[in-house]
Amino acid sequence: MLRPEYLFIWILFHLAAVELPKSISKRGQPDLRATELVAKMQYQEAARSYKSVDKIKSAPELRALAVAFTELGQNDTARALYLRLFQRFPQRTNPTDELNLALLERRLGNYSTVDSAVTALKMQSFAGYPIMNQPGNLFLEESKSLTAKLPDAQLRTFQNSFAHYLPIKDPVSQEWFFHERKLVNSGLLSSIDLGDGLPFAKIMKAENWGDSVGVYGTLLKNQFLNRHVELSYIDSFGNKYVTTNHRLVNDSDAYLLDIFRYYKDEKVGKYTLQVLNDQLWQHNLSGFVMNASQTRGLYCSDMVGGVGRADIYVCDIEWNEDNEPKIVNSASIGEVVNTLLSESDPYFINDEIIAFSTEGHVGYGGSDIYFYHIPTNRLVNAGSKINTMGNEYGARYIDGTLYWASDAYKNNPQLRSLALNQEVINWFFSSFSEILDIAEPEDFTPITLPVATVEKPFNLWAELGDIEVDEGLKFLLMPDSMRLKIAREIKDTANYADFRLRTLIYPEDGLICDAKFEIELWIVIELLKRRKDWAVDIRSYTDSRGSSIFNLDLSKNRAAFLREYFIFYGVDKNQIDAMGYGELFPINQCIDGVACSDEEHRRNRRTTLHLKRRDIQAKL
């Protein structure tokens, strides 16, 4: 037994030799409790790890907390944390931090801030990557026409005390299924997702789908209780297709998501999961659906070669004699749809139009629902009647009704629906197609040329006889379909003076020109993308109504919008000169104090497009 004085000396020696170095070592290392929790996707625990932001002493912790609050939908707090990160640790931030902050600004509706930030990121850190592919003002304006067509009265929210989403209808039994984050007894296995603290998703069989008050269901038997299970499609043979995790890890110790055919095997008398992925444990797959004829499919994946966290892929489907499908000829649906961030929940509206959810396109909140028209490679935001400042996802179009989930209710997703005539979506895209191919302005007379009386432009040259007509005027008077074809087949020897363009006319106070003139924009885009030695001079004007300051700003915004539009569709920014002149230079007598008709004022609300030779030296 040690004598007391020796014991005291031993304690001092232990403190000096062991405990003091440990304390010094710990003091030199930053506390990374939030970082470790976020790496495990335990966002609620990470958000509760600090009582005061002043106690956070490192950039990784601030970043981890910002990510956690973003995932939990607390956007203002997340934005404040990112701003604090940039203020306190400017040398330790990275382009991903800037992109995440831009996404938060988008959720909060600060579109002008988002546009400028994303433009800078596209030119520098993310050059060549598709991120938020539409300027904010552009998507807002384009979605308005679609929003105006959607009825208010038939919007429905499904009431349920649990988070619920993603409805599916069985085409054989006509039964409905949906998904619910409902706590169930799973024995020794955990049924809680540590990421958000909610139970794992379960497939529910609806008991009262037609009830206008609420919806409830019973748990579908034979499904895993300790992992997410999502039903994405049921084919005409009664096969169910689900997304869930593999029970075995891959080489990176990850339980990857995959798509499975879920059916009852009569040989063994129990339900079986048959994987559809022929490259097991290489990448995640999810959300498999088919078109009406069950010949083509869509799914999401993060496979090598994609552009973002999750991309949408299109595939062909081959069937064997046992009615078992095989996925073949998979290919990315393209960078108009897929972005640097995540796209999810694709679904066929028809063979030409799909709906999907996206984080990477400019929207009203976190993730928004978009429609994409495959033949014209064009997409549009579903609009403010569907999308909110929260997340919208899981779109399904069944029996003339669009269903989707919204978590605008503080991380408690709820099913919503809207009776939507398919023709409404077709109308938006077909109106664009008609403009692109054959549309001809019917009620607008170009300001400088009396072409309104010409009924058959093709016969104009015979009527003019031997009168010499310049090539620019000939091009202007051709049918739009021919003008666009010529623009796409432009030769290196062509002269820019041979391509005269119509003047764009605007609705009162509108940012975008009348739809009938969109063909002019596409002609300019096709010409400038092929002739890098040409440029376009954009000059925008307003009528005299309103203050001169307002009109000047409006004309500058119209010119800037066209500049953004051209850049978005691939025109080099150095090929564009844009100016706004307000109410200066009217083409008629309609100045302040002069009474004029609406039509006379309308002619002054214009933008002219003039091709010219690009001034290379001035741009250097």
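Against the condition within 30 Å of F69 (Cβ to Cβ), in contact with a strand residue (DSSP E or B) (Cβ under 8 Å, 6 or more places away or on another chain), surrounded by fewer than 22 Cβ atoms within 10 Å (Cβ to Cβ) and among the hydroxyl-bearing types (S, T, Y), how does T388 come out, does it pass? So T388 fits the description; yes. The requirement of being of a type in the set (D, E), in contact with a strand residue (DSSP E or B) (Cβ under 8 Å, 6 or more places away or on another chain), at negative phi and surrounded by fewer than 19 Cβ atoms within 10 Å (Cβ to Cβ) is fulfilled somewhere in region 277-289, by at least one residue.
For region 37-93, the set of residues classified as open to solvent by less than 40 Å² (accessible area, probe 1.4 Å), assigned to a loop (DSSP other than H, G, I, E, B) and over 29 Å from I192 (Cα atoms) consists of S58, F89, T93, listed by residue number.
Yes/no per residue for (1) modelled with pLDDT of 80 or more; (2) not β-branched (V, I, T):
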residue: P135; (1), (2): no, yes
residue: Q154; (1), (2): no, yes
residue: L166; (1), (2): yes, yes
residue: S173; (1), (2): yes, yes
residue: S186; (1), (2): no, yes
residue: N222; (1), (2): no, yes
residue: I234; (1), (2): yes, no
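The criterion of at least 3 residues that are modelled with pLDDT of 90 or more and under 30 Å from D492 (Cβ atoms) is met, among helices (runs of 4 or more DSSP H) falling completely within region 527-620, by 548-568. Number of residues in region 521-550 that are exposed (fewer than 15 other Cβ atoms within 10 Å of the Cβ) and among the acidic types (D, E): the value is 2.
One line per residue, one yes/no per condition, for (1) within 26 Å of S112 (Cα to Cα); (2) without any contact (Cβ under 8 Å) to a residue 40 or more places away in the chain; (3) of a type in the set (G, A, S):
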{"site": "Y299", "(1), (2), (3)": "no, no, no"}
{"site": "C315", "(1), (2), (3)": "no, yes, no"}
{"site": "V328", "(1), (2), (3)": "no, yes, no"}
{"site": "G334", "(1), (2), (3)": "no, no, yes"}
{"site": "H361", "(1), (2), (3)": "yes, no, no"}
{"site": "D368", "(1), (2), (3)": "yes, yes, no"}
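Conditions (1) in contact with a Ser or Thr (Cβ under 7 Å, 6 or more places away or on another chain); (2) open to solvent by 30 Å² or more (accessible area, probe 1.4 Å); (3) at negative phi, marked per residue:
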site	(1), (2), (3)
E335	no, yes, yes
R378	no, no, yes
G383	yes, no, no
D399	no, yes, no
S406	yes, no, yes
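All of (1) open to solvent by less than 60 Å² (accessible area, probe 1.4 Å); (2) assigned to a loop (DSSP other than H, G, I, E, B); (3) in contact with a helix residue (DSSP H, G or I) (Cβ under 7 Å, 6 or more places away or on another chain) hold for C513 with one exception: (3).
The values are calculated or read from the model by the stated rules, or taken from the named source; none is laboratory data. Source: prediction; values computed, not measured. In this analysis, Cβ positions are derived from the backbone assuming ideal geometry, glycine residues included, and neighbour counts consider all displayed protein chains. Ligands, DNA and RNA are excluded from the accessible area calculation, which covers all protein heavy atoms including side chains. Shrake-Rupley method; radii C 1.70, N 1.55, O 1.52, S 1.80 Å.
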